[in-house]
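Report on the structure given below.
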Amino acid sequence: MIRRALLSGAMKPGEIYSANSLANRLGVSNSPAREAMMSLVNKGLLELVRNRGFRVVELSAKDKQEVYDLRCLVEVEAVRRVAERGVSAERASLLRELAEQTIASAEAQGVVDYLDADQAFHCALVDTLENRRWTEIVENLRDQSRINGSYGLRKRTELEASATDHLEIVEAVIAGEARKAADVMVRHLSYARPEPD
């Protein structure tokens, strides 16, 4: 829930939030709220402010560019390798289903729901490599690129175009077309390219 608040922009950059106040808002005890917030500190989404609480990290233009550059390196290579290795019929079915879920979320124009479905799709795709660290890195970079509601896709047509890319990626992966899968992924990531200041 805290992650969703960060991604939606409900939690504002630079503001300090106490675990106690968030726990009350979420209807949970302090301990799980604090643990969740510490986990988000470790992911670079929050920073601990001694004796005050947690501040939402504000990414500079340079930070955003670094995250985008790393995503281009690790996500494109992951998709290329998945296509090269091939996927089982069961995995192909799962990836198609997740891609369809992103399309349904985009059509409903729920940006945060779309981001959740999009995250599930991309993590499942990378997870096909059976490299836990690679999946965790991708998941973390994707969250960092979306913190504070900064995700560039706000219009329904942009969400739908991004979601449609998922099916194209899946079909290229299933067909073993590594170069095409990588090329579509490069185009797909262009939605996350930071705007110059």
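Somewhere in the stretch 154-168, is a residue touching an Asp or Glu at 6+ places or on another chain (Cβ under 8 Å), open to solvent by 20 Å² or more (accessible area, probe 1.4 Å), part of a helix (DSSP H, G or I) and at pLDDT below 90? Yes, there is a match, as at least one residue in the stretch 154-168 is touching an Asp or Glu at 6+ places or on another chain (Cβ under 8 Å), open to solvent by 20 Å² or more (accessible area, probe 1.4 Å), part of a helix (DSSP H, G or I) and at pLDDT below 90. Screening L73, L40, L48 for residues that are out of contact with any Cys (no Cβ under 6 Å at 6 or more places or on another chain), surrounded by 18 or more Cβ atoms within 10 Å (Cβ to Cβ) and either modelled with pLDDT of 85 or more or farther than 30 Å from K180 by Cβ (or both) leaves exactly one candidate, L40. Tallying residues that are β-branched (V, I, T) and within 21 Å of V112 (Cα to Cα) within the stretch 1-25 yields 1.
Being open to solvent by 20 Å² or more (accessible area, probe 1.4 Å) and of a type in the set (A, V, I, L, M, F, W, C) is the filter here; which residues of the stretch 76-91 pass it?
Of everything in the stretch 76-91, those that are open to solvent by 20 Å² or more (accessible area, probe 1.4 Å) and of a type in the set (A, V, I, L, M, F, W, C) turn out to be V76, V87, A89.
Closer than 23 Å to L40 by Cβ and modelled with pLDDT under 85: which single residue out of N140, N148 fits that description?
Details: N140 fails: modelled with pLDDT under 85.
None of the other options fit; the residue is N148.
Can you find, within the stretch 92-131, the residue that is surrounded by the most Cβ atoms within 10 Å (Cβ to Cβ) among those that are among the polar types (S, T, N, Q) and modelled with pLDDT of 95 or more? I'd like the intermediate steps shown before the answer.
Taking the stretch 92-131 as the starting set, the residues that turn out to be among the polar types (S, T, N, Q) are 93, 101-102, 105, 109, 119, 128, 131.
Those still in the list that are modelled with pLDDT of 95 or more too: 93, 128, 131.
Details: S93: 12, T128: 23, N131: 14.
Restricting to residues being among the polar types (S, T, N, Q) and modelled with pLDDT of 95 or more, the top hit is T128.
Selection of first residues in the stretch 58-82 that are touching a residue at least 40 places away in the same chain (Cβ under 8 Å) and under 18 Å from G9 (Cα atoms) and of second residues that are small (G, A, S) and crowded, with 18+ Cβ neighbours inside 10 Å, restricted to Cβ pairs under 8 Å at least 6 apart or on distinct chains, gives the following pairs, ordered by first then second residue: K64/S145.
The values are calculated or read from the model by the stated rules, or taken from the named source; none is laboratory data. Quick caveat, the model's predicted, so the values are computed rather than measured. For neighbour counting, all protein chains shown are included, and Cβ atoms are generated from backbone atoms with ideal geometry for every residue, glycine included. For the accessible areas, the whole protein counts, side chains as well, though only heavy atoms, and no ligand, DNA or RNA atoms are used. Shrake-Rupley method; radii C 1.70, N 1.55, O 1.52, S 1.80 Å.
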